[in-house]
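Enquirer: Here it is, the structure in full.
The values are calculated or read from the model by the stated rules, or taken from the named source; none is laboratory data. Please read all numbers here as calculations on a predicted model, not as lab measurements. When we count neighbours, we look across all protein chains shown, and the Cβ atoms used for this are built from the backbone with ideal geometry, even at glycine.
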Amino acid sequence: MAGVTLRLDGARWREHLRTVVASTPEIVPVIKGHGYGYGLGWLAGQAAELGVDTVAVGMTAEVGPVQERFDGDIVVLYPFDRRDVRDDPDDRVLRTVSRLDDLRALATRPGEPRVLVEVATSMRRHGIAVEELTDVGEWLDGVRFEGWTIHLPLRADGRQAEARRLGRAALDVAAGPLWLSHLPPEQLTRLAANLGGEAGPVQVRGRVGTRLWLGDPDGRATTATVLDVHPVRRGERAGYRGRVCRSDGYVLVIAGGTSHGVGLEAPTPAASVRQRATALATGSLAATGRALSPFTVAGRKRWFLEPPHMQSSLVFLPAGARPPAVGEDVPVELRLTIATPDRVVVD
Ligand SMILES: *Cc1c(COP(=O)(O)O)cnc(C)c1O
């Protein structure tokens, strides 16, 4: 079938997942958004096969598709909002509560919703400030308290100390598991031991998305189907925009367009001038009139003839290179944190 295919080396994929699961204390796989390129339902199936008891989704709307393939508990990471009338999840769903007013609202409603309470970190994203944590204690009787959640910044500097300080403050208010993101496994284990002291390690759970699903880049490959091949002569025009071909060659129509994430870039976190220069050189569409495509044909990346369309791209192949056959799959480089292939194949 024509399209963009993500192909996994099955043995290697399973081995990688097992390694991450084994090294992460009580792992909670994160399954959200476009499903890290695999799709929500497909990843939910993988989590079920892994035998984990809990996964995390980003938003309430993602609970449904994940629940179809996964029988365990599901944490919603977005902060619960008491004004959201559609938020009526069942008993398998744990809500993240990040404001005192929302906790109070849940605690005074009928029923006993399952709740994680989020502690604000130096990210200043969501969470109850550490100074207000003592107020949390008085509302926990009205909910089924499942633990504390702490979302640490990616920056490693001072992260361990921050986790210790916030974890200690939270556990002083109420005992419960600590759910943490972005701490490496050995630091999670050390934190659990450190906070537990003589009584033995406290319970910690590591939430992992990217490192679990995308952590073994050499174990996968992405390809795109060549949909059409047209010989052209220098000076002839092609494409929506009637671009002039600079030499004799071929216009290739290849599966993969903006809807797949081809030609899209996430804003670069690159901090240095050198990193930014590299980002520019490797394919920013805005950098020059011409842009290097992510498609490799006859041994190298080829230029786009014009910006990608929604589901396919026009790529120019100069004469002299062997043109691919229609139906052939060619390598395409995609960043799966923002790209969406049409299908996943496990070999
Ligand atoms: C998205 C998210 C994660 C997973 O992030 P990755 O960088 O993909 O591992 C973990 N924790 C929280 C709170 C998140 O929102």
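Enquirer: Here is a check on your reading of the model: is Gly33 within 15 Å of the ligand (Cβ to nearest atom), within 30 Å of Met310 (Cα to Cα) and modelled with pLDDT of 95 or more?
Expert: When the stated conditions are applied, Gly33 passes them.
Enquirer: Out of (1) within 28 Å of Arg237 (Cβ to Cβ); (2) aliphatic (A, V, I, L, M); (3) part of a loop (DSSP other than H, G, I, E, B), what's the single condition that is false for Leu334?
Expert: Of the numbered conditions (1) within 28 Å of Arg237 (Cβ to Cβ); (2) aliphatic (A, V, I, L, M); (3) part of a loop (DSSP other than H, G, I, E, B), the odd one out for Leu334 is (1).
Enquirer: Of all residues in the stretch 290-331, which are acidic (Asp, Glu) and part of a strand (DSSP E or B)?
Expert: Across the stretch 290-331, the qualifying residue is only Asp329.
Enquirer: Counting only residues that are of a type in the set (S, T, N, Q) and in a helix (DSSP H, G or I), which one in the stretch 194-222 is farthest from Leu43 (Cα to Cα)?
Expert: In this case the residue turns out to be Asn194.
Enquirer: Shifting gears a bit: When the stretch 39-56 is examined, which residues are found to be touching a Leu at 6+ places or on another chain (Cβ under 7 Å) and within 14 Å of the ligand (Cβ to nearest atom)?
Expert: Ala56, the sole residue that qualifies.
Here's the yes/no breakdown for (1) modelled with pLDDT under 95; (2) within 16 Å of the ligand (Cβ to nearest atom); (3) closer than 30 Å to Glu118 by Cα; (4) surrounded by 13 or more Cβ atoms within 10 Å (Cβ to Cβ):
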site	(1), (2), (3), (4)
Val208	no, yes, yes, yes
Val226	no, no, no, yes
Pro231	no, no, no, no
Ala255	no, no, no, yes
Gly299	no, no, no, no
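Enquirer: On the given criteria, is Ala221 among the hydrophobic types (A, V, I, L, M, F, W, C), without any contact (Cβ under 8 Å) to a residue 24 or more places away in the chain and away from the ligand (no atom under 13 Å from the Cβ)?
Expert: Taking the combined requirement at face value, the residue does not satisfy it.
Enquirer: Which of (1) over 20 Å from the mean Cα position of the chain (by Cα); (2) away from the ligand (no atom under 16 Å from the Cβ); (3) surrounded by fewer than 21 Cβ atoms within 10 Å (Cβ to Cβ); (4) in contact (Cβ under 8 Å) with a residue 12 or more places away in the chain is the odd one out, the single condition Ala199 does not satisfy?
Expert: With respect to (1) over 20 Å from the mean Cα position of the chain (by Cα); (2) away from the ligand (no atom under 16 Å from the Cβ); (3) surrounded by fewer than 21 Cβ atoms within 10 Å (Cβ to Cβ); (4) in contact (Cβ under 8 Å) with a residue 12 or more places away in the chain, Ala199 is out only on (4).
Enquirer: Out of the residues in the stretch 117-142 meeting the condition of being of a type in the set (A, V, I, L, M, F, W, C), surrounded by 15 or more Cβ atoms within 10 Å (Cβ to Cβ) and within 17 Å of Leu178 (Cα to Cα), tell me which one is farthest from the ligand (Cβ to nearest atom).
Expert: The residue in question is Leu140.
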